[in-house]
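Working notes, beginning with the structure itself.
Please treat every number below as a calculation from the coordinates, not as lab data. Here the structure is a predicted model, which is why all the values come from computation and not from measurement. Here the Cβ is made from the backbone with ideal geometry for all residues, glycine too, and neighbour counts use every protein chain on show.
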Amino acid sequence: MAPILQIKDLRKTYDGGFEALKGVTLDIEEGEILALLGPNGAGKTTLISTLCGITLPTGGSASVGGHDILKDYRAAREMIGLVPQEIALEPFEKVINTVRLTRGLFGKRRDDALVEKILRQLSLWDKRDTPTKALSGGMKRRVLIAKALVHEPRVLFLDEPTAGVDVALRKGMWDTVEELKASGVTIILTTHYLEEAEAMADRIGVIQKGELLLVEEKAALMKRLGRKKLTVQLRSPLSEVPAALSGFELELAEDGHALVYTYDSQAERTGITRLLAALADAGVGLADLSTHQSSLEEIFVDLVGEDAA
């Protein structure tokens, strides 16, 4: 089966010569969740805007469900739901009417049962008759998700969907995304909350300066790039790393009560056995040992460097 979203050498150059997308190529399979990570200005929103027809590409091609985004725009766009970063809602309109209108804009027949299902799924049913201006920021973002889902798209773009949302609502959205995936919806997520990508995504894509640096299964990426740290708690504090241990590139904790050793967990030899022997030879007493696996956030910062800030 062909990927539901196929992107080939997609480019976007603005007037003045700025290249926002530099030949992005990517296949996305039906029913998967892809998290697209990158610093501000990396090209995440430009990529989504181009695929949704908001911005025209200057090169390359893309298709959604086999429909070219330029040659067969209407059919391609009908398959897409978009939750943008910016909250733009008619302030005096009721929630339920706002969602119904969006379905009508796609030429779909009125379906009150579906609208109710979506609003309940997003914990908005009790707010259905509330003007959108009276909603909290988190609830307004949920209305955007409802609007994106009401025409029954097969691909859903979530551009920073939990920005400004409190922890409880964010967790609820994670659950909603999982339910959507279970129903067969393909989801492309951009986020600054790396724990979201780590919690939900099947694959991780990293984009920087308009280029796709990598796309890889989350578990495989963390296994390949992840580092482990062995923290050795000491019985007595040290003022400096003993000269006999200089070959291990150890870090001494500020209080002197621990030594930290970073190693590649996939290497044939981690050096831990040799380190422990060297500690004993140097007369350094051990109180405890613990290990820590690199998080996705740490891996991301390593990949994009200073631009991650």
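Once you list every other residue whose beta carbon is under 14 Å from the beta carbon of Ser290, what net charge do they have if Lys and Arg are +1 and Asp and Glu are -1? Each step should come with its number before you reach the end.
On the way: positive: Lys228, Lys229; negative: Asp288.
Here the count lands on +1.
Any chance you could run the full-extension gain for Ala277 through Ala75? It's 0.36 nm times the residue separation minus the Cα-Cα distance, nm to one decimal.
Using 0.36 nm per residue and subtracting the Cα-Cα distance, I get 66.1 nm.
If the chain between Ala287 and Glu211 were fully stretched, how many nm would it gain, using 0.36 nm times the residue separation less the Cα-Cα distance? Intermediate results must be reported in sequence, preceding the final value.
Values: separation 76, 0.36 × 76 = 27.36 nm, distance 4.70 nm.
Length gained between Ala287 and Glu211: 22.7 nm.
In this model, which of Lys22/Lys223; Lys8/Lys209; Lys94/Lys117; Lys108/Lys133 are farther than 20 Å apart at the alpha-carbon? Provide the component values of the computation, followed by the final result.
Numbers: Lys22/Lys223 28 Å; Lys8/Lys209 17 Å; Lys94/Lys117 17 Å; Lys108/Lys133 26 Å.
Too far apart for the 20 Å limit: Lys22/Lys223; Lys108/Lys133.
Starting from 0.36 nm per residue, how many nanometres of slack lie between Lys8 and Ala88 once their C-alpha separation is accounted for? Numbers along the way, then the final one.
Numbers: separation 80, 0.36 × 80 = 28.80 nm, distance 3.11 nm.
Full extension of this stretch gives 25.7 nm more.
Take Ser236 and Asp27, extend 7 Å from each Cα along the Cα→Cβ direction, and tell me the distance between the two endpoints in nm.
The answer from the label model is 6.3 nm.
Express in whole angstrom the spacing between the alpha-carbon centres of segment 53-125 and segment 267-293.
56 Å
Simple spin-label model, 7 Å along Cα-to-Cβ: Glu249 to Ser61 in nm?
Computed distance between label sites Glu249 and Ser61 equals 4.6 nm.
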